[in-house]
Every structure is written in structure tokens, then in C-alpha cells.
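Since every read-out is calculated from the coordinates, none of them should be taken as a lab result. What you are looking at is a predicted structure, and each value in this text was computed from that prediction instead of being measured. Cβ atoms come from the backbone with ideal geometry, glycine included; neighbour counts cover every protein chain shown.
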Amino acid sequence: MVQPADAAKEISRLSREMERLYHELSLKTGLSDSAFLIFYAIGELGDGCLQTQIADEYCVSRQTINTSVKRLVQQGFLSLAPGRGRGMHLHLTPAGRAVMEQKLAPVFALEESVLASMPAAQRAQLLRLLGRYVQLYRRHVRAPG
């Protein structure tokens, strides 16, 4: 039987390994980790998402996102449109859409392929157990005291 301390260490190790794999993917695309993250986030959240959404959803500082976005705007991959308050919507330019198609679409396809290689019951179990772990962890992190 796996002890809680051993399970916690293994979950931490697996989480770091996933981070390493995404870093390897960013290297393969030729994008910096922060540029990769922004394109990835736009792929998930949709063209026109807010910079603050990316920072909040991916737990990255707003300063890091802002710096990377400025660089991607200067390189012609993104354009900005004002949102409510100080929020800025991110939009892919034609060059940005090309990056998304050439470099990020294969990443999303890889994720789908990996999950498709698992039986449906295992996929459902994986999602259920990860969701439960996050739910319990959140409850303990946010508990008063």
C-alpha cells in the first residue's frame, strides 16, 4: 500500500516531469517557454483572451506575461485591443496564426493522441482522480488557520 508521504512525493515528481516535457516541447518549437505558454494559452482560452486570464489560469506573474506579450507584439505575432478597465485582449496576427498552426497545433494533437491511446475508462478515471485530488488539496490550502 502506498503511504501518503510517498504518494505526495510521486505526485510532485510526476508534476515536475510534465513541466520538463512541456519545456522540451517549447524547445522543439523554437519558442521560449513564456512565448510557448502564451501561444498555448491562446490555443486553450481562445483568440482575444485577456493577458490577466493567462496570468491567472497558468499561475504566471502578470509582469512575466506582459513582458513576453510585448515581445510577441514587437515580433508581429500578436496585436492588442483594449478590454474593460486596463485589460488587454490578445489577438493573433496572420504571423501568429501561422505559428499556432505550425508549432502549437501539433502539440495539441500530441496531447489528444496520448489520451486517445488510453482506454476511455482509464481516461475517465484519470480525470476523476486528478479532479478529486485538486479538490481536496484546494480545500486544505484554503482552510482557515
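Values for this structure:
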| item | result |
| --- | --- |
| Matching entry among Leu92, Leu27, Leu21 (being surrounded by 14 or more Cβ atoms within 10 Å (Cβ to Cβ) and out of contact with any Pro (no Cβ under 6 Å at 6 or more places or on another chain)) | Leu92 |
| Tally, over the stretch 32-88, of residues that are touching a residue at least 60 places away in the same chain (Cβ under 8 Å) and in contact with a Gly (Cβ under 8 Å, 6 or more places away or on another chain) | 1 |
| Unmet criterion (only one of (1) closer than 24 Å to His23 by Cβ; (2) exposed (fewer than 12 other Cβ atoms within 10 Å of the Cβ)) for Gln122 | (1) |
| Meets criteria (among the small types (Gly, Ala, Ser), surrounded by fewer than 16 Cβ atoms within 10 Å (Cβ to Cβ) and closer than 30 Å to Ser12 by Cα) for Ala35 | no |
| Positions within the stretch 109-128 being within 20 Å of the chain's Cα centre (by Cα) and under 18 Å from Ile11 (Cβ atoms), in sequence order | Leu126, Leu127, Arg128 |
